[in-house]
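Take a look at the structure set out below.
Please treat every number below as a calculation from the coordinates, not as lab data. Only a predicted model underlies this, so the values are computations on that prediction, with no experimental measurement involved. Methodologically, a virtual Cβ is constructed for each residue, glycine included, from the backbone with ideal geometry; neighbour enumeration extends over all protein chains shown.
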Amino acid sequence: EAGVAQSPRYKIIEKRQSVAFWCNPISGHATLYWYQQILGQGPKLLIQFQNNGVVDDSQLPKDRFSAERLKGVDSTLKIQPAKLEDSAVYLCASSPRARGETQYFGPGTRLLVL
Amino acid sequence: DAKTTQPPSMDCAEGRAANLPCNHSTISGNEYVYWYRQIHSQGPQYIIHGLKNNETNEMASLIITEDRKSSTLILPHATLRDTAVYYCIVRLLYGQNFVFGPGTRLSVLP
């Protein structure tokens, strides 16, 4: 069974630029999550999708972050414009059902904002 | 905020058992204890979870105290590949998100 795929693995941009991350969850998983992990901290949930609908985006900085999950499969997370404090690893995870028993994580995208 | 307290770091000799403690004194009766680990440059990986009985799988054992206020994750024969950050999380089985604290950085030494 293929795991959660993410791309790119690394991205370096300058502040005020925009960036987008892509995630392909495990086949058949209805729920998809995006997390932000700042160096030295645990992952923090940004947004959760159930199929193509948003379940929880309470911690998403909506003035600069946006996410979508078209057709209930792949998802993209965008930051526009980026700030220095957005430097982090962005992790995508999926689970078979909403807030289910466990989550499966991708390798993450490491973002550096200069 | 995370509902658990873990030591920031631990060392373990290769081949020995690694015992990682976790305090969760405010755990409620229907909340489970989950353990994940994160190896460098990878996403978190599920290890094990339990409610009140001790649990064992191919990766580890989970020992939960009778009052459920603390637990210990045991890696019976630690290898260098077990070097990682280990997260202890308390949550309902369904219907809650995972809230990650800073975890314990385990270093397995040769």
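Sites listed here are GluC sites (Glu not before Pro) in region B:31-72 whose DSSP assignment is loop and whose Cβ has at most 11 other Cβ atoms within 10 Å: B:Glu58, B:Glu66.
For the peptide B:38-45, the mean number of other protein chain Cβ atoms found within 10 angstrom of a residue's Cβ is 6. In order along region B:64-75, the Karplus-derived 3J(HN,Hα) couplings, from 6.51 cos²θ - 1.76 cosθ + 1.60 at θ = phi - 60°, round to 10, 5, 4, 7, 6, 8, 8, 8, 9, 8, 10, 9 Hz, and Gly and Pro are given as x. Chain A has equivalent-ellipsoid semi-axes of 23, 14, 13 Å, by the square roots of 5 times the alpha carbon gyration tensor eigenvalues, sorted largest first. Take the alpha-carbon centre of region A:46-114, take the same for region B:72-110, and report the distance between them in whole Å. What the calculation gives is 22 Å, centre to centre. Taking the fewest neighbouring Cβ atoms within 10 Å as the starting point, the ordered list for B:Leu106, B:Leu93, B:Leu73 is B:Leu93, B:Leu106, B:Leu73. Shown in residue order for region A:106-113 are the 3J(HN,Hα) couplings computed by the Karplus curve 6.51 cos²θ - 1.76 cosθ + 1.60 at θ = phi - 60°: x, x, x, 10, 8, 10, 10, 9 Hz (x for Gly and Pro). Ordered by the count of other Cβ atoms within 10 Å of each Cβ, fewest first, A:Ser75, B:Ser107 give B:Ser107, A:Ser75. Taking 8 Å as the Cα distance limit and 6 or more residues as the minimum spacing, I'd like the relative contact order of chain B as a percentage. Relative contact order for chain B comes out at 37 percent.
Each residue of region A:61-78 was assigned a 3J(HN,Hα) from its phi angle through the Karplus expression (A = 6.51, B = -1.76, C = 1.60, θ = phi - 60°), giving x, 6, 6, 9, 9, 9, 8, 9, 9, 6, 6, x, 10, 5, 9, 10, 10, 10 Hz with x at Gly and Pro. Overall size of the protein assembly as shown from C-alpha positions, given as principal axis extents largest first: 49, 38, 34 Å. If you sort the three axes of the alpha carbon gyration tensor as a ≥ b ≥ c, you get a/c of 1.5 or more for region A:67-110 and a/b no higher than b/c, which makes it oblate.
Placing +1 on each Lys and Arg Cβ and -1 on each Asp and Glu Cβ, with no other charges, gives the protein assembly as shown a dipole about its Cα centre of roughly 520 debye. Scanning chain B for cysteines with no neighbouring cysteine C-beta under 4.7 angstrom from their C-beta gives B:Cys12. Identify the chymotrypsin sites (Phe, Trp or Tyr not before Pro) of region B:7-110 meeting these criteria: DSSP loop state and at most 16 other C-beta atoms within 10 Å of the C-beta. Qualifying residues, ordered by number: B:Tyr94.
Return the long-range amide H neighbours of A:Ser87 (sequence gap of 5 or more, or a different chain), with a cut-off of under 5 Å between placed amide H atoms. Counting only residues 5 or more places away or on other chains, the set is A:Val113. Here the calculated FRET efficiency for A:Ser66 and B:Thr26, from their Cβ-Cβ distance with R0 = 30 Å, stands at 0.25, rounded to the nearest 0.05. Structural descriptor for chain A: relative contact order 37 percent, calculated from alpha carbon pairs under 8 angstrom and at least 6 residues apart.
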